[in-house]
Structure formats: structure tokens, C-alpha cells
1. Counting only protein heavy atoms, what percent of the accessible surface of the chain is carbon or sulfur at a 1.4 Å probe?
2. Under unit Cβ charges (Lys, Arg +1; Asp, Glu -1), what dipole magnitude, rounded to 20 debye, does the chain have relative to its Cα centre?
3. Non-local amide H neighbours of Gly202 (under 5 Å, H modeled in plane, Pro and chain starts lacking H): which ones?
4. Give a residue-ordered list of calculated ³J(HN,Hα) values for region 310-321 (Karplus: 6.51 cos²θ - 1.76 cosθ + 1.60, θ = phi - 60°; whole Hz; x for Gly, Pro).
5. Remind me, relative contact order of region 211-321 in percent, using alpha carbon pairs under 8 angstrom and six or more residues apart?
6. Using only the alpha-carbon atoms, how far is helix 216-234 inclined from the longest principal axis of the chain? Give it as 0 to 90 degrees, nearest 10.
7. Return the ratio Rg/(2.2 N^0.38 Å) for the chain, where Rg is computed over Cα atoms only.
8. If you find the alpha carbon centre of region 260-321 and of region 60-99, how far apart are they in angstrom?
Amino acid sequence: MAGPHLAGLGSILMLHSVTARPSNGLGLNDHLSVTPDFLDSAIADMKRNGFSFISLDEMIEHLGAARRCKVATITLDDAYLDNFVEALPVFESHAAPFAIFVAPGLIDGSVQPWWEVIEQLVMVRDELALPLIVAGGARASASPAEKLATARHLCELMTSRVPETYRQAVLDEMGGRQVATSPFMSWEQIAAVAHHPLGTIGAHTIHHYNLARLDEELALIEMRGSADLIAETTGVRPRHFAYPYGHVQAVGEREIRLAGEAGFVSAVTTRHGTLHPEHRDHLHALPRISLNGRYQQIGHLRTMLTGITTFANSRRRVVTL
């Protein structure tokens, strides 16, 4: 009943990791990973229900034309290795276009996925010494409950107290280089996707920084610089951008303006929403539907695609900022 009124012109799906072998952690990052079987089932179910899968370029054209048909675009953030090894065969089997947003710093290892580093550090240590910049002292992490509380506390400090440009130094001081994190795609694999008939490579800043916490000059450098580095290594300049984190504390009017100034045709957030004709005027603030690893249920996806959860969450039909 809600679909005809709230579903709009289509949806952009958001994924991160796609693997049948998720890491054995505290559950802190379980929402970032779905299985290839679920991805396969989700695409198949959407196709049975009338959805066509199109590229990001085609989605932008679709919004401009405001055609009333059911379409979806698949996006993946961060360029986890499993996107190439485990997700790509699923996309190929369905002839489904997809886009992967790349942060070069994660690819070359100059920055680590701090959300995973924190979880792994807490997992392997019963007591964790905290650098002074994040309050100093030590934090007990022996029992499962203590470990989870410590990990959540550290994540909050990392996103609120530690400057974006100093976060890796804090992780290094805590021994972050000594723990294993998820592997990312190589530049050769990224280039292969850029030239794949179904693939699109988008930009995701250089160092996966929260742009809203940077001054304007550095924020623009991060945005343009990520596109420059990707173009140099793949031969294809990204036309599309994904804001790291993408929530209300990471993307505001300034960041939307900068995405346009950086030369991107579109930019996606992590805000929950379906796409509507009005989004043709907000191409740098496009919402997405998240395939959340904690809710790998087809019924849940069907509900989100109707737009009813968009309205329930925001009391708005059209979500931009």
C-alpha cells in the first residue's frame, strides 16, 4: 500500500563487506558485512518484483527524466577485497551493475580501518592502555561485557575527541599495526573493476576522513585528491563520490557544496531513503538503502524499498540533508 506513494523512482543500495567468512569479533561491526548468498537472494528477489539494476550514471539520467519505473543501483564502500573475490561473481551472474567507492589511504595502508582495529585490540587484550589524547590511563577489558563496553567507548572517543588527521598516530601508539584487519582490494583489482562492463569506481576521500571535522581547504583536497589518485592508477577519473560515514555529523551543506566544486556528478550519503524526482536538484545528497548485516532478511529489504521506513525514520518522503 505504501509503495506507490513513498517508493519513488528507485533506490541506491549500500553495502560494505560481502563475505561468507565474517571476522570473529565482538559483533561491533557486524552491520557492515553481508553474505554472498544474501546478496544473491536480495538481487534475485528484487528482479522478481520488477526491479531493474542500472549503473550510477544511468541512475542520474533516470532521476533527470523522472521515469516511473522500478530501478536500483548497487554501491559498496571502502573496496574490501571480498567485493572483488566474493561479490563480483554474484553481480556477474545477475548482470547487475555496481559501484565501489575507494579511499586510496586504505588501499596503500597509510591508514587502517580504525573501527576494526579497535575491535581487534580489545579482543586480544585484557587491559588496554589509552593514549593521553583519548583520556589516558588503562581500561579493563577481560570479560565479554567489559570488552564490548571498552570498544564502544573507544569508538566514541575516536570520532569525537581524536582529530581526523591524528587518528592513525593514536592507533599506532596503541599497537594497532599488530592486529589483523580485513584486506582491501589491490590497485590492479580496482583498475580491473574500473574497466569491467558492469563496474564503476567512485571516490571516497584519500584517508577516509569525516569531512565535516576538517577545514574547508583540507576537505576539498581530500575529495579532489582521491579522484586524482584513482585516475592516475586506473586511467579512469571517478564521476561519483561517497562521503565517509555519511551521517548528519559528517555531511552538511558545506560538504554538499564541496562535492560539486570537486567536480563530482553525484555524491551519496548514508542517510536512509529512496529516490524521488526532487533528487534531481540534490544530486550531491543522495540517500541510500543499507543492506545491514544484522538484518539479512528479504522481508526487511522489501519493506525498506517501499519507502515506508524512510517516512517512519524521518517523517519525510524525500531525504536529502
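1. Reported share for carbon and sulfur atoms: 53 percent.
2. 1200 debye
3. Answer set, sorted by chain and number: Ile100, Phe101, Val102.
4. Those phi angles translate into 4, 5, 5, 6, 10, 6, 10, 7, 10, 9, 10, 9 Hz.
5. 23 percent
6. 70 degrees
7. The value comes to 0.98.
8. 15 Å
The values are calculated or read from the model by the stated rules, or taken from the named source; none is laboratory data. Computed from a predicted model, the values in this text were never measured in an experiment. Note: ideal-geometry Cβ built from the backbone for every residue, glycine included; neighbour counts use all protein chains shown. The protein model used for the area step is the full one, side chains on, heavy atoms only, and it has no ligands, DNA or RNA in it. Shrake-Rupley method; radii C 1.70, N 1.55, O 1.52, S 1.80 Å.
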